[in-house]
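**Q** Let me give you the structure first, and then I'll get to my questions.
The values are calculated or read from the model by the stated rules, or taken from the named source; none is laboratory data. The model shown is predicted, which means the values in this text are computed figures rather than measured ones. In this analysis, Cβ positions are derived from the backbone assuming ideal geometry, glycine residues included, and neighbour counts consider all displayed protein chains. Note: areas computed on protein heavy atoms with side chains; ligands, DNA, RNA excluded. Shrake-Rupley method; radii C 1.70, N 1.55, O 1.52, S 1.80 Å.
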Amino acid sequence: MEASLIGPLGRTTLGSTRLTIGRAPDNNLMVSDGKSSSHHAEIRPEGQYYSIVDLGSTNGTFINEQQIYGGMPRLLQPGDTIRIGDMRFSFEASPFQKGVSSSDGSTVRATPSSPGGIANFGGNTNYGSSGATYPNMQSDFLATLPAQQPSYTPPPPYMMSETQTPTYTPPSYGQQNQQLSYTPPPPPQKRGSIARTIILAVVALIIILGGVGTFFVLYNNQVAQQNINATATAQANINAHVTATANANVTATAAVNATATAVVTSHYPPFTNLALYDALTSSSSQWGSGSQCQFTSAGYQVSVARSGFLQWCLNTKQLGDLAYQATMNIQQGDCGGLVFRYVDSNNFYLFEVCQGGTYNLSDFVSGKPTSLYSNANKASSVIHQGANQSNVLAVSVQGDTVNMYVNGQSIDTATSTSLTSTTFNQGQIGLFADDTADPTSVTYTNVLVWTAS
């Protein structure tokens with residue numbers, strides 16, 4: 001699948017390498033927006049997909065106007081809108097995309113932009129122990145039929161008996177000049193007329209009663225049918241709602257799973273087998289707890305208020321070669337970082353990052369701390385400096401070699417022969433705070449560990 005970003009600079013095709021975005025000139029895509037950070041975000045290839053990672057920017061990275069978590073990859077979907085400061089980019093992906101140039105890692109510039117105290121490593125050998133304890137980790141249906149009036153045919157009008165025309169019978173003539181004799185017919189018989197009237201009244205009453213009965217039968221049938229139709233419609237609406245809710249839940253679950261998959265994807269081969277994932281947002285028996293190792297609403301907080309001392313908090317797992325990552329936020333004080341191959345309070349390794357933008361890798365062998373560099377405090381521009389800045393720290397340990405990463409970028413490599421000794425064959429992992437000069441409080445989230453497949 002070919003993919004590209006379309007923004008104020010035109011179209012930038014995404015390739016098989018990472019694309020960094022920010023104000024600093026060493027980014028692949030350099031932006032001039034004053035609200036963007038020097039190294040703001042990074043787009044990474046994920047097989048046939050792409051994800052975006054906020055590198056701990058000051059003002060955040062937004063996908064479809066929803067802010068993503070710093071250091072946590074977020075899978076991109078075709079049509080997603082990416083906002084960095086006031087600049088917007090559209091992510092497009094299609095099986096065939098021609099006529100555009102691919103990104104070769106060079107910098108694309110919007111407008112020229114200039115790029116974006118140093119705490120010393122505490123060399124005091126009086127390092128405090130953790131003292132940590134480890135507990136067991138309808139619409140309503142309206143009748144579509146009109147309210148019809150029942151068909152009523154009134155009975156025929158009352159029929160009066162005909163008045164018979166008198167019959168004239170001419171007289172017989174007996175003799176000439178005889179006077180004519182006229183005999184009028186008898187008057188109508190009233191008895192028969194009354195009987196007919198009664199019969200017709202009874203018939204009319206029967207017809208009326210039949211019409212009324214038919215009306216109620218039809219009315220009741222119509223009401224019953226309306227009730228049946230309304231019930232069926234209501235049930236259909238309920239079924240549709242249940243189906244829609246179920247589909248929404250499936251879609252939401254799929255989205256969560258996709259996000260979780262992106263978050264836990266390893267970028268440190270050959271370590272691709274997920275061995276531990278803990279967001280550190282709720283109490284866990286796998287981590288030490290106490291006054292200096294506490295779970296808070298913001299994450300797992302490690303604190304120390306004694307100059308020249310370290311405070312570490314450990315996980316119960318015993319691990320050998322691995323890739324180990326956590327998101328660190330120094331809320332106040334000096335330095336923090338990752339503990340690995342912890343054997344006991346006298347034998348362990350530290351990867352330390354400080355507020356001032358420096359880092360160090362040290363081993364403690366038989367209680368003696370030694371920096372693996374001649375310059376104990378090296379500087380890196382990828383470290384977000386200052387208090388309340390998120391930095392994603394990671395180490396991969398293989399044989400005698402330690403590779404160090406900050407915000408998804410490799411910053412250094414060092415070796416230690418002690419790592420291959422029987423003493424450091426495996427050990428615990430942990431998180432620490434270092435008070436080199438000031439009381440220090442560091443909050444950690446999203447710990448991930450991968451081992452080799």
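**Q** Cβ-Cβ under 6 Å, sequence separation 6+ or interchain: first residue in region 380-408 and open to solvent by 10 Å² or more (accessible area, probe 1.4 Å), partner among the charged types (D, E, K, R) and in a strand (DSSP E or B). Which pairs?
**A** GLY408/GLU42
**Q** Which one of TYR268, TYR277, TYR300 is of a type in the set (Ser, Thr, Tyr), open to solvent by 50 Å² or more (accessible area, probe 1.4 Å), at pLDDT 90 or above and closer than 17 Å to LEU338 by Cα?
**A** Values: TYR268 fails: open to solvent by 50 Å² or more (accessible area, probe 1.4 Å); TYR300 fails: open to solvent by 50 Å² or more (accessible area, probe 1.4 Å).
When all the criteria are applied, what remains is TYR277.
**Q** A further question follows. What's the total number of residues in region 320-333 that are under 28 Å from ALA437 (Cβ atoms) and open to solvent by less than 10 Å² (accessible area, probe 1.4 Å)?
**A** Looking only at that region, the number is 4.
**Q** Determine which single condition GLU352 fails, assuming it passes every other condition in (1) of a type in the set (D, E, K, R); (2) touching a Cys at 6+ places or on another chain (Cβ under 7 Å); (3) farther than 29 Å from PRO73 by Cβ.
**A** Checking GLU352 against (1) of a type in the set (D, E, K, R); (2) touching a Cys at 6+ places or on another chain (Cβ under 7 Å); (3) farther than 29 Å from PRO73 by Cβ, the one that fails is (3).
**Q** Can you tell me which residue among ASP438, ASP434, ASP412 is over 32 Å from the mean Cα position of the chain (by Cα) and assigned to a loop (DSSP other than H, G, I, E, B)?
**A** From the options ASP438, ASP434, ASP412, the qualifying one is ASP438.
**Q** A follow-up question, please. What residue, of SER374, SER453, SER421, SER416, is among the small types (Gly, Ala, Ser), modelled with pLDDT under 95 and open to solvent by less than 30 Å² (accessible area, probe 1.4 Å)?
**A** Only one candidate passes the filter, namely SER416.
**Q** Further question on the same structure: Quick one: is THR231 of a type in the set (S, T, N, Q), assigned to a loop (DSSP other than H, G, I, E, B), modelled with pLDDT under 90 and open to solvent by 30 Å² or more (accessible area, probe 1.4 Å)?
**A** no
**Q** What number goes with the only condition from (1) part of a loop (DSSP other than H, G, I, E, B); (2) hydrophobic (A, V, I, L, M, F, W, C); (3) under 28 Å from the mean Cα position of the chain (by Cα) that ALA3 does not pass?
**A** The single condition ALA3 does not satisfy is (1).
Here's the yes/no breakdown for (1) among the charged types (D, E, K, R); (2) more than 29 Å from GLY357 (Cβ to Cβ); (3) assigned to a loop (DSSP other than H, G, I, E, B); (4) within 20 Å of the chain's Cα centre (by Cα):
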| site | (1), (2), (3), (4) |
| --- | --- |
| SER16 | no, yes, yes, no |
| ALA24 | no, no, yes, no |
| LYS35 | yes, no, yes, no |
| GLN77 | no, yes, yes, yes |
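**Q** Could I ask something else about it? Which ones in region 371-401 are under 23 Å from ALA298 (Cβ atoms), assigned to a loop (DSSP other than H, G, I, E, B) and not β-branched (Val, Ile, Thr)?
**A** If the condition is that a residue be under 23 Å from ALA298 (Cβ atoms), assigned to a loop (DSSP other than H, G, I, E, B) and not β-branched (Val, Ile, Thr), then HIS384, GLN385, GLY386, ALA387, ASN388, GLN389 are the ones that fit.
**Q** Tell me whether region 82-102 contains one or more residues that are open to solvent by 60 Å² or more (accessible area, probe 1.4 Å), at pLDDT 90 or above and either in a strand (DSSP E or B) or hydrophobic (A, V, I, L, M, F, W, C) (or both).
**A** yes
**Q** Can you spot a residue in region 39-55 that is assigned to a loop (DSSP other than H, G, I, E, B), more than 23 Å from the chain's Cα centre (by Cα) and either on the phi > 0 side of the Ramachandran plot or among the hydroxyl-bearing types (Ser, Thr, Tyr) (or both)?
**A** For region 39-55, residues assigned to a loop (DSSP other than H, G, I, E, B), more than 23 Å from the chain's Cα centre (by Cα) and either on the phi > 0 side of the Ramachandran plot or among the hydroxyl-bearing types (Ser, Thr, Tyr) (or both): absent.
**Q** Take the residues in region 1-43 that are among the charged types (D, E, K, R) and surrounded by fewer than 20 Cβ atoms within 10 Å (Cβ to Cβ); name whichever of them is nearest to PHE89 (Cα to Cα).
**A** Top of the filtered list is ARG11.
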